[in-house]
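Below: one structure, written as structure tokens.
The values are calculated or read from the model by the stated rules, or taken from the named source; none is laboratory data. None of the values given here were measured: they were computed from a predicted structure. Cβ: placed from backbone, ideal geometry, glycine included. Neighbour counts: every protein chain shown. Heads up: the accessible areas ignore ligands, DNA and RNA and are worked out on the full protein's heavy atoms, side chains in. Shrake-Rupley method; radii C 1.70, N 1.55, O 1.52, S 1.80 Å.
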Amino acid sequence: MLSDAESRLNVRFPADYVSALREKNGGTTLGEYIPLPKQEIPSHLAPYVDHGHISITGINGIGNSHGSVLKTEYMTEEWKLPGGFVLLDGDGHTWIAFDYRNTKSEPAIVFLESESGDTLYVAQNFSQLFSNLVTHKSLFDDDGEFIGLLPENQ
């Protein structure tokens, strides 16, 4: 399946993603938010950033299910996305994606907004994406008010 997916998408998946697939082939993540590194946030992307964080619901695996990176080609056409990305999570309007625009093997992780095609840098690689995940509970109280990271999660 891995070789087929890489061939169809014309990429080489990073070893850390492949290792994660061997543990669990996609699905929900242990955290719901990814803190963004310091960067300029264009005003049209600001509504997607919540106190310096981007939300994530899961990671696409490999296979024929709805939650598969193999849906990238269809979704790219359907949502008129720029090329060079492999979609890891998203709802059509926004995506978390591997950025293969300048590499075939060690992509950074980006947030991609469909309407503009603009991106925000999220993580240097898949491992950094996973190690940076934080939970809703560590950022917001029971009333939904932002409290920041609790000391044990910093």
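Could you work out the helix-only [θ] at 222 nm for the chain, with each DSSP H run of four or more residues adding -39,500 (n - 2.57) and the total divided by the number of residues, to the nearest 500 deg cm²/dmol?
Calculated mean residue ellipticity at 222 nm is -5500 deg cm²/dmol.
Please identify, among P82, P47, P37, the residue showing maximal mean-square fluctuation in a Gaussian network model of the chain using a 10 angstrom Cα cutoff.
Among P82, P47, P37, the largest mean-square fluctuation in the Gaussian network model of the chain belongs to P47.
Using a 10 Å Cβ count of at most 15 others and DSSP loop calls, identify the longest part of the chain lacking such GluC sites (Glu not before Pro).
Answer - 41-114.
When the accessible area of the stretch 63-112 is computed with all protein chains present and a 1.4 Å probe, what percentage of it is carbon and sulfur?
That fraction is 47 percent.
Taking only pairs that are 8 or more places apart or on different chains, how many Lys pairs in the chain have Cα atoms under 27 angstrom apart?
Lysine pairs meeting both conditions in the chain amount to 8.
Which whole-number value in Å² is the accessible area per residue of the stretch 1-136, probe 1.4 Å?
The answer is 54 Å² per residue.
How big is the stretch 53-98 on each of its three principal axes, counting only the C-alpha atoms and giving the largest first in Å?
Projected onto its principal axes, the Cα set of the stretch 53-98 covers 27, 23, 16 Å.
How large is the accessible surface of Y48 in square angstrom, using a 1.4 angstrom probe and rounding to the nearest 10?
Ignoring ligands and nucleic acids, Y48 comes out at about 80 Å².
Using the alpha carbon gyration tensor of the chain, what are the three equivalent-ellipsoid semi-axes (square root of 5 times each eigenvalue), largest first, in whole Å?
Square roots of five times the eigenvalues give 26, 18, 14 Å.
Considering only protein heavy atoms, with the full assembly of protein chains and a 1.4 angstrom probe, order W95, W79 by accessible area, largest first.
Output order, biggest surface exposure first: W79, W95.
How large is ³J(HN,Hα), in whole Hz, for each residue of the stretch 44-57 in order, when computed from phi with the Karplus curve 6.51 cos²θ - 1.76 cosθ + 1.60 and θ = phi - 60°, using x for Gly and Pro?
Along the stretch 44-57, the couplings run 6, 9, 4, x, 8, 9, 10, 6, x, 10, 10, 7, 9, 10 Hz.
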